[in-house]
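Written below as C-alpha cells is the structure these notes are about.
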There are 6 protein chains.
Amino acid sequence: MVEGILAVVAHPDDETFGCGGTLALHATRGQSVDILCLTCNPPERRGEFLKASKALGVSEPIIFEEREVVHSTSPIRRISDAIVDRRPRAVITHLPFDYHMEHKLVYEAVKEAIEWAAHTTAYSEPWLVDRFLLMEVNTLIPNPHILVDVTESFDRKKEALGYYKSQLAKFPWGYYERFSLKKAELRGAQADCRYAEAFLEEPLASSSPFYEAKKTENLL
Amino acid sequence: MVEGILAVVAHPDDETFGCGGTLALHATRGQSVDILCLTCNPPERRGEFLKASKALGVSEPIIFEEREVVHSTSPIRRISDAIVDRRPRAVITHLPFDYHMEHKLVYEAVKEAIEWAAHTTAYSEPWLVDRFLLMEVNTLIPNPHILVDVTESFDRKKEALGYYKSQLAKFPWGYYERFSLKKAELRGAQADCRYAEAFLEEPLASSSPFYEAKKTENLL
Amino acid sequence: MVEGILAVVAHPDDETFGCGGTLALHATRGQSVDILCLTCNPPERRGEFLKASKALGVSEPIIFEEREVVHSTSPIRRISDAIVDRRPRAVITHLPFDYHMEHKLVYEAVKEAIEWAAHTTAYSEPWLVDRFLLMEVNTLIPNPHILVDVTESFDRKKEALGYYKSQLAKFPWGYYERFSLKKAELRGAQADCRYAEAFLEEPLASSSPFYEAKKTENLL
Amino acid sequence: MVEGILAVVAHPDDETFGCGGTLALHATRGQSVDILCLTCNPPERRGEFLKASKALGVSEPIIFEEREVVHSTSPIRRISDAIVDRRPRAVITHLPFDYHMEHKLVYEAVKEAIEWAAHTTAYSEPWLVDRFLLMEVNTLIPNPHILVDVTESFDRKKEALGYYKSQLAKFPWGYYERFSLKKAELRGAQADCRYAEAFLEEPLASSSPFYEAKKTENLL
Amino acid sequence: MVEGILAVVAHPDDETFGCGGTLALHATRGQSVDILCLTCNPPERRGEFLKASKALGVSEPIIFEEREVVHSTSPIRRISDAIVDRRPRAVITHLPFDYHMEHKLVYEAVKEAIEWAAHTTAYSEPWLVDRFLLMEVNTLIPNPHILVDVTESFDRKKEALGYYKSQLAKFPWGYYERFSLKKAELRGAQADCRYAEAFLEEPLASSSPFYEAKKTENLL
Amino acid sequence: MVEGILAVVAHPDDETFGCGGTLALHATRGQSVDILCLTCNPPERRGEFLKASKALGVSEPIIFEEREVVHSTSPIRRISDAIVDRRPRAVITHLPFDYHMEHKLVYEAVKEAIEWAAHTTAYSEPWLVDRFLLMEVNTLIPNPHILVDVTESFDRKKEALGYYKSQLAKFPWGYYERFSLKKAELRGAQADCRYAEAFLEEPLASSSPFYEAKKTENLL
C-alpha cells in the first residue's frame, strides 16, 4: 500500500469515530488505506469491525484480538512490523492527552513503532513514515492543525458506524450517532464545509543515524 | 450580587460565545449575574456589548474600554476591585490554553485578582470566590469537568449574538452563528440534552493566611 | 457506605500519616469511612494495619496484601470494584508528585479506577465519585486547596500511629511521631486551629457518555 | 517574495549562526530569502548586519534597531506587518527553550505574529505562513526534525560571520568561528554530508475562522 | 564579600521568613552575607527591614524601594549589578512555583541576572555564581534538596521577625510567628535537629561562551 | 570503589559514546570508575563491551545481559544493589528526554535506585550518592551544566569505540566514529579545549527520613 494511510486504534469503532470519513475519502479516490486495531473484546466485535472496515474501503484490516492494551514492548514490535509491511506515508492514531488510558498507551506504542520501522538495523527493508496525525474520538482537540472535508464520504462513515450494533445498544438515547454527527458538523463549521474531521500533526525526525532519509536541500 | 456569577472576558462577544446560555439561565431564575469586559476596540462595539448583555439578563455590565489586553498589574487591580464590589460566588473566564494571546493574559489576570480580592490586607471587605470556571470560545476543552444544560436559555444566547453586527459582518458565510450553534449541539449530545455549554473547573486554595475562611470540618 | 470517604493507599501507615485525623473525624460523626491498602510487606504489618484502622473508626478495611505496587491494569480493576462496592462520595489518595514511585503508581491507578467505576458499560450498578482529594505523607503540598481541622480527632490519629511498631522501631530518634506532629501543627497554624491535615482537590469530569450524571443546571 | 523564507532574529549575527547556510542555499537557487532583526545595540552593528545579509543573498533585510527585546505587543504587530508585506512560505526563528531570554521573547512574538498576519479581520491582504521552523544559535536542538545540507553554501556563511568583527573581537581564542564550524560538522555527520544546519518544525493550525485556507481534502 | 551568600527577595520580611536562620548562621561564623530587597511599600517598612537585616548580621542590605515587582528588564540589570558588586558564591531567592506572582517574577529576574553577571561582554569584572538556591516563604517545597540546621541561629531569626511590627499587626491571632516556628520545627523533624530551613537547588550552566569558567576536569 | 563514578547504561557502547572520555580520565588518575550495562542483545556484544570497558580503565564492569529494558521494578533493585555494593559518589546515566525509549526507562530506574540505595530500611549498609549526572548519546543536551575536558583521555575513548565492530559495521559511511568525534569537538569549542563531554546535573534530596545524611550547616 505504499504511499497510503494507516490508522492504528485501540478498539473496534475508534477508527470510524476518529477518522472514518478521512479513510473512506482517500479509499474512494483509489489511495491505499489500512487499519490496525490492537484489541477485540469481546470477540464478537471482530465481525462488526470487518464490516465497518469494508464500508470505509479497507478490505484487509489487521486486528490483534488482545483483551486489552498493556504497558509492554510486544505491541510496539507488532505495529512496526505492520508499518514495514504496509509502507504507509501517513499514520493516524489516538491523542496523547485522550482521557482513555488505553488510547494513551496506543499513542506511545505507535510513536515508538514509527521510529523502529525506519531503522536499517531493525529491518532489511525499513520504512520511514512521513506524517504522524492524531485524531479525536471522545476527547476533543482544542485547536486542530488540519481539518479534512469529509462531506463526500460522510455516508460511508455513517454506514460503518451502523455496523457497531453491540456498542450502539449501550446508548438507547442515541448518543453514539448523535455525538459523531455533531462533532463532524462542528468541525465542518470551522472548515466552511458540511462535515469535517480534525487532526493534530506531530512532526517526525527524518534524520536518525539509522534512517535512509537524512537530509533535505529545500525547505520550500 | 452576593452568591452570583461574574464572567470576565477579553472582548465584547466572548461572554456570549463562551457562557451566554449559562449566564441567561441563572439570570432568568433570579440569580445574580455580572459581566466584566476588559477591552472595547473599536469603540462602536460598546453599544453591541450593552445590548447583548441586556439580552443575557445583565443590566449593568462593566467595560474597561482598553484598546488591548497587556502584560501589566493594572488590570489585575481593577478586576479584584470588581470582585470585591460584586461579590460573586463563581467566576468564569478564558482558558489558559486558549489559542488567543489576549485570552491567556485575561486568565492570568483573573487568577491573580481572585487571590488579592480575598486578602484582608488589601481590602477592608475582602471577598473569597468559591468556584473558578473556564469556558470555551474558539478553542475547545478536550474533556470538560462540567456541562451546563442551556436548552431553556438558548434563544437568549442567540439573540445576544445577533447584536454583534460588526462581528457578524466579517463572516459572510455565517461562520459566527453556525459555529456557536454546532458547539452547543455537540456539548448537548454529550450532556444528553439539546444545547449545553462546557467548562473546566480549577480548584482554589481557601486557606491563605490572608483569608477569613481558613479550614473546613466536613468533606462530604 | 454510600456518601462516605474512601482512602486508597500504597502501604499500611500511609492512611494514618496522610489523612488519619480526617478519617477519624468523619467516623466519629457517624459518616462512612473506608480504607483500601494495596500492599502488605512484610505480612506482619497486616495486624498493625487492622489495629490502626480500627482506631480511626474503620472496622472493615480492605487490604490486598501484594508485595509491591506494579505497573499493571489488575490493581485498577480491583480498586474500581471496591469503589462500586463501597460507593464513596470522596476518594483520597497519594500525590502525583510524591517522591515515592509506588505512591505515584497508586495515584494513577486510583484516577483510572474512578473513571471505570462510573461506566454503565463496566458495571451494572456503577458509581460516580464526586470529590477526588490528594493527601501528603512525606512529600508536602506547596499550596493546599483544603485544610481540615483535625484538633478533635488528633488523639485517635496518634493512637493509630502507635500501632505501627514495626515502623516506629526503624527510627530510634522518634522521627515518625515528631514529623507527624509537626506537620499537623504547621497545617494548624495555616488553618488557625491546633492541628490540621492538608489536601489538594482534583476536579473530575461528571459527564462522560458512560455516566449516569451528565449535566448540571446550576453552578451556584 | 511569495513562497520564500523569512528569518526573524533577536540580534545581528543570530541569522548567520542559526540559519545562514540555509538562507544562502535558497538565495543562490533564486528563491526569495529575507531577514528581520529586532534589535541593534550598539548601533555600529547595523553595518555589520547589512554586509552579512548581503553575503547570504539578502539585499533588503529589515532591522528595527531597538535597544532590546521587551515584553510588549508592539513588536508583534511590526513582525506581522513584515509577514504580510513579504509573504513568506516558511518562517524561521529562535527556540522556545533557548537559554537567552530575548531569544525566547522573539519566539513568542513571531508565533503570535504568524497568527495575526493570516487574519482577514486584521489585514486586507492577509498571509498564511505554511511552515514554522526553529533554529539553533548557542542552545542545541536535542533531536532535530530537519537537517539542511549546507555544504554548497557554507563559504557564504563563513564570509557573513567574518563581517561581525565587533563580536569576533570579544573572543580572542576564536570561539565564535570554531563553534559555528563544529556545529555544522556535527550536524553534517548526522545528515551524512559535510555541513548541515538543524531545525525543529512546529505545525501551524491552518483552519482558523479568520483564515482563507480552512480545509484540506488530501493528506498524501 | 567574595564567597558569601546573597539573598534576593521581593518584600521586606521575605528574607527573614525564607532564610533568616541560614543567613544569621553564616554571618555568625564570619562568612559574608547580603540581602537585596526589590520593593518597599509602604515606605515605613524600610526601617523594619534595616533592623531585621542587622539582627541577621547584614549591616548594609540593598533595598530598591519600588512599589511593586513588574515584568521588565530594569530589575534584572540592577540585580546583576549587585551580583557583580558583592560577588556571592551562593544566591538564594523565591520559588518558581510560589503562589505569589511577585515572588515568581523575582525568581525569573534573579535567574536572568545570574546569567548576565557572568558575561565578559557585559561587565569588565564579571562574576559567576556557583550555587542557586530557592527558599520557602508561604509556599512549601514538596521534597527539599537541602535542609540547613538553624538551631544555633534561630533566636536571631525570631528577633528579626519581631521587628516587622507593621506586618505582625495584621494577624492578631499570631499567625506570623506561629507559622514561622512550626515550619522550622517541621523541617527540623526531617533534619533530625531542632530547627531547620529547607531549600531547592537549581544547577547552573558553568560553560557559556561568555564565561571565564568553562570546563572541569574532575567530577569527584 | 568508594568515592568513584558509576555509569549505568542501556546498551553496550552507550557508556563509550556518552561518557567514555570522562570515565577514562578519572580512571587514569586512579579514581574508581565502574560501568553497569543493563542489556546485551545479541550476546556477542558482551565481548565487545568487556574490551571497551577495559580500554576505559574499568576491569570489572557489570552486565545484566537482558534482551531489552522493560517497565518493571526488577532492574531498579538490581541497580540499587550495585550502588550499595560499589558505593559511587557520582552516578552517570541517560537523559530523561532521550529519543530512545529504553534510555528513558533506564533514567527512571536509576533515579529510583539511587533513592532506595540510601534507605536505612532497605540495606544494612546503605549508600547515599552525591551527584547525579546525565550524559548525551545521540540526543544532545541543549545547554549543559558541566563540560568535562577529555582531551587527555580521548585516545582511550576512540580505542574503546573501535572494539564495537558489530555496531561499526552497520554504518559503512563511518557515521559512528565521525559523530563521536564531532560531538567531542563541538563540546570542546564550548569548553575552550580540544575535546569535551557534556552533562546535565540533577540535584538529589539528601535529607529523607531514611537517610543517614540529613542536614548541612554550611552552604559555602
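The values are calculated or read from the model by the stated rules, or taken from the named source; none is laboratory data. Since this is a predicted model, take the numbers as computed values, not measurements. As a convention, Cβ positions derive from the backbone with ideal geometry for all residues, glycine included, and neighbour counts pool all protein chains shown. We work out accessible area using only protein heavy atoms, side chains counted, and drop any ligands, DNA or RNA first. Shrake-Rupley method; radii C 1.70, N 1.55, O 1.52, S 1.80 Å.
Things to note:
- When every Cα-Cα distance of the range E:166-220 is counted in 10 angstrom steps from zero, the calculated P(r) takes the values 19, 23, 20, 19, 15, 4 percent.
- The tail of the calculated P(r) for the protein assembly as shown beyond 64 Å holds 7 percent of all Cα-Cα pairs.
- Residue-averaged 222 nm ellipticity for chain E, from DSSP H runs of 4+ at -39500 (n - 2.57), nearest 500: -12000 deg cm²/dmol
- Principal axis analysis of the Cα atoms in the range E:124-220 yields extents of 54, 34, 24 Å, listed in decreasing size.
- Taking the label point 7 Å along Cα→Cβ, residue A:30 and its counterparts in the other copies are spaced 3.4, 7.1, 7.9, 7.9, 9.2 nm apart, in ascending order.
- Computed over all pairs of different Cα atoms, the Kirkwood value for the hydrodynamic radius of the range A:1-80 is 12.8 Å.
- Accessible surface for chain D, divided over its residues, is 35 Å² per residue with a 1.4 Å probe.
- Too-long pairs where the Cα-Cα distance tops 18 Å, listed order kept, from C:182/E:183; B:104/B:183; E:183/F:111; E:54/E:158; D:51/D:158: B:104/B:183; E:183/F:111
- A cut-off of 5 Å between modelled amide H atoms, ignoring neighbours fewer than 5 places along the same chain, links residue D:33 with D:5.
- Qualifying trypsin sites (Lys or Arg not before Pro) for the range B:26-75 [loop in DSSP, other Cβ within 10 Å: at most 12]: B:67
- Convex hull of the range F:140-194 built on C-alpha atoms - directionally averaged projected area, nm²: 4.2 nm²
- Take the Cα radius of gyration of the range E:1-46 and divide it by 2.2 N^0.38 Å, N being the number of residues; the result is 1.21.
- Pseudo-label separations to other copies for residue A:213 - Cα-to-Cβ vector, 7 Å, nm: 1.8, 4.5, 4.9, 4.9, 5.5
- Beta-bridge orientation, chain D: approximately 30 percent antiparallel, per DSSP, counting only bridges with both partners inside.
- Amide hydrogen neighbours beyond the local backbone of residue D:136, cut-off 5 Å, H modeled: D:198
- Residue (of E:161, E:220, E:94) at the positive-pole extreme of chain E, dipole from beta-carbon charges: E:161
- In chain A, the beta carbon lying closest to the axis that superposes A onto D belongs to the residue given here with its whole-angstrom distance, A:203, 3.
- Semi-axis lengths, Å, chain F, gyration tensor of Cα atoms, sqrt of 5 times eigenvalues: 28, 20, 16
- Residue among E:57, E:21, E:162 with the largest mean-square fluctuation in a Gaussian network model of chain E, springs linking Cα atoms under 10 Å: E:162
- Using a 7 Å Cα-to-Cβ projection, residue C:120 label spacings across copies, nm, ascending: 4.2, 4.9, 5.7, 5.7, 7.2
- Accessible surface for residue C:216 stands near 40 Å², nearest 10, in the context of the full protein assembly shown (1.4 Å probe).
- Cα centroid of the range D:46-73 to Cα centroid of the range F:53-98, whole Å: 50 Å
- Three-way shape label, the range B:37-127, alpha-carbon gyration tensor, a/c 1.5: oblate
- Averaged over the residues of C:99-105, the number of partner chain Cβ atoms lying within 10 Å of the residue Cβ comes to 3.
- The calculated FRET efficiency for the pair residue D:170 and residue E:152, based on their C-beta separation and a Förster distance of 30 Å, comes to about 0.05.
- Once the Cα gyration tensor of the range E:64-105 is diagonalised, semi-axes √(5λ) in Å: 20, 15, 8
- Chymotrypsin sites (Phe, Trp or Tyr not before Pro) lying in DSSP loop within the range C:137-191, provided at most 12 other Cβ fall within 10 Å: C:173
- Plainly put, the range E:60-179 has a radius of gyration that is 1.00 times its Kirkwood radius, both from alpha-carbon atoms, as the Rg/Rh ratio.
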